[in-house]
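This report refers to the structure that appears directly beneath it.
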Amino acid sequence: MSRSGSSQRTSVGLAWTMAGAGGHMVLQVIALSLLGRLLTPADFGVVTVALVVVNFSSIFAQLGLNQSLVQQATLSRNAAGSAFVISMLLGTLLCLAVYLLAPGIASSLGLVDAAPILQVLGVVFILRAAGATAEALLVRALRFRLVALLDLLSYGIGYGVVGVTLAWLGAGPWALVMGHLSQAALRTILTLSMRPHELVGPIGGPFVRQALRFGGGFSMSRVANYVALQADNLVVARTLGADAAGAYSRAYQLMGMPASLIGNALDRVLFPTFARQQDDRSALLENYVRGTAIVTLLSLPLGVVAAVLAPEAVLLVLGDQWQATVAPFQVFALTLSFRVLDRLNAVVVRAVGVVYRRAFLQIAYAVGVIALALAGSHYGLTGVALGVAAALVGNCLSGVWLSLRVLSGDARSVVTGATTAVPATGLIAAAALLGAWSTRALELPAWGVVVATIGLCTSLAALAVWLAPRWWFGALATWVATNARDVLPTPRPALTRWLARLERGA
């Protein structure tokens with residue numbers, strides 16, 4: 001496939017994935033808002049700790065086999081059957097192991113009530129294993145629209161219907177458990193129905209050997225990264241209690257939604273695309289530099305607005321019992337760009353197979369998170385958040401260094417791409433501060449502050465994009481104009497003139 005054809009397909013896939021992720025985020029906000037009013041912080045805290053253990057253990061349920069289905073240039077005839085058999089065996093073993101070890105794990109974390117929850121959640125290993133191979137094959141085939149729709153449907157029914165209904169009926173933390181299991185089960189059923197494949201294959205052979213070599217480094221990296229992402233929750237639970245863990249985890253989840261929206265879209269679309277270009281390092285470097293500019297342009301203004309509107313956002317989404325969440329949320333909002341950019345770093349090194357060097361950086365990141373979270377815990381939830389934020393920034397910068405080293409790139413090009421977002425962020429930050437200050441002075445309700453401030457930011461951004469697109473997009477201008485024509489339907493005359501102006505720099 002030519003570079004132009006690949007770029008067009010990537011742009012369309014990214015558009016669909018971002019749209020699906022945006023819908024997923026809306027559903028997540030609605031579900032979280034309802035559950036936050038029906039459940040207590042302690043309910044969330046107990047399930048959060050159980051999910052930390054389950055999600056960490058799930059890394060070993062795949063060993064990178066299904067990532068290898070996407071990454072390898074060619075697949076043998078029975079590769080899917082081999083991946084499925086091994087995934088099911090590992091998923092079953094992990095389910096049994098978690099069931100037997102749950103009482104001891106819960107006791108060591110100081111949350112005995114989490115043991116039965118952990119035992120039931122172990123079923124998710126089998127559910128995920130059953131659908132993982134089919135999903136990998138869909139991603140390999142670049143069927144991003146279908147994957148996005150499956151995400152929306154499974155989450156909407158799992159959490160939006162099952163979880164919220166059980167919470168309303170008084171099920172307490174079990175509402176979250178059953179919502180999680182329902183989502184996993186429905187996703188697996190839908191994925192297998194959309195992409196059936198061989199269910200039997202050898203557990204040896206060239207594919208398995210190559211996949212395990214790749215999967216070893218990939219799994220090491222995931223283990224270290226998962227420890228880094230979840231160790232702070234365990235530190236908070238251990239040092240500050242279940243209520244604090246619930247408040248802290250909600251702050252992380254709220255800010256994690258836009259990070260996941262952008263980061264998951266980049267990962268899902270760019271990984272198979274970059275894997276196809278893994279032997280063309282110049283093309284990968286060009287895409288990586290452009291990606292840093294896009295990431296910062298999308299996430300930096302968003303993080304600033306989220307930090308400014310944090311008090312109202314927490315009140316509207318979670319309710320007034322969650323005020324302890326505001327300060328950690330603001331800290332995480334201001335590091336949103338670093339979080340998303342690190343996802344881009346991960347995609348690059350995974351696509352070219354440099355997984356072991358990435359793993360060592362992730363181990364250093366995990367050590368940094370644990371040390372800084374423990375140090376920050378002496379100053380409450382805000383102290384933990386600041387420590388974690390510092391570790392996150394360091395990890396992102398080390399990831400940029402590795403990506404440039406692998407691609408033989410120049411740091412100046414990345415800095416130039418990232419600074420594309422500076423004018424846009426300055427304008428949005430000024431609008432957000434002005435809108436929030438003025439509406440709070442008028443004593444508008446929380447929803448009024450949010451609507452008015454976001455409306456002001458959006459209006460100014462739209463005006464700047466329309467009147468001075470080159471000022472807004474900078475070096476991305478030509479790329480935006482070209483790919484907009486690929487993604488959008490036949491544009492109206494005014495939009496056609498705007499795209500032409502964008503390309504020629506008027």
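Here are the numbers for the structure shown:
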quantity: Estimated translational D of the chain in µm²/s (Stokes, Kirkwood radius over Cα pairs; 4 °C; 1.567 mPa s); calculated: 55
quantity: Percent breakdown of C-alpha pair distances by 5 Å bin, ordered from the shortest bin, for segment 366-425; calculated: 4, 18, 17, 14, 14, 14, 13, 5, 1
quantity: Added length on full extension, which subtracts the Cα-Cα distance from 0.36 nm per residue, Ala494 to Thr416; calculated: 25.0 nm
quantity: At 1.002 mPa s and 20 °C, Stokes D of segment 242-394 from Kirkwood alpha-carbon radius, µm² per second; calculated: 129
quantity: Computed over segment 398-452, the ratio Rg/Rh where both radii use C-alpha atoms and Rh is Kirkwood; calculated: 1.34
quantity: Gain upon complete extension [Asp280, Arg405; 0.36 nm per residue less C-alpha separation]; calculated: 43.5 nm
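Laboratory data are not the source of any read-out in this text; all were calculated from the coordinates shown. Everything numeric in this text was worked out from a predicted model, so none of it was measured.
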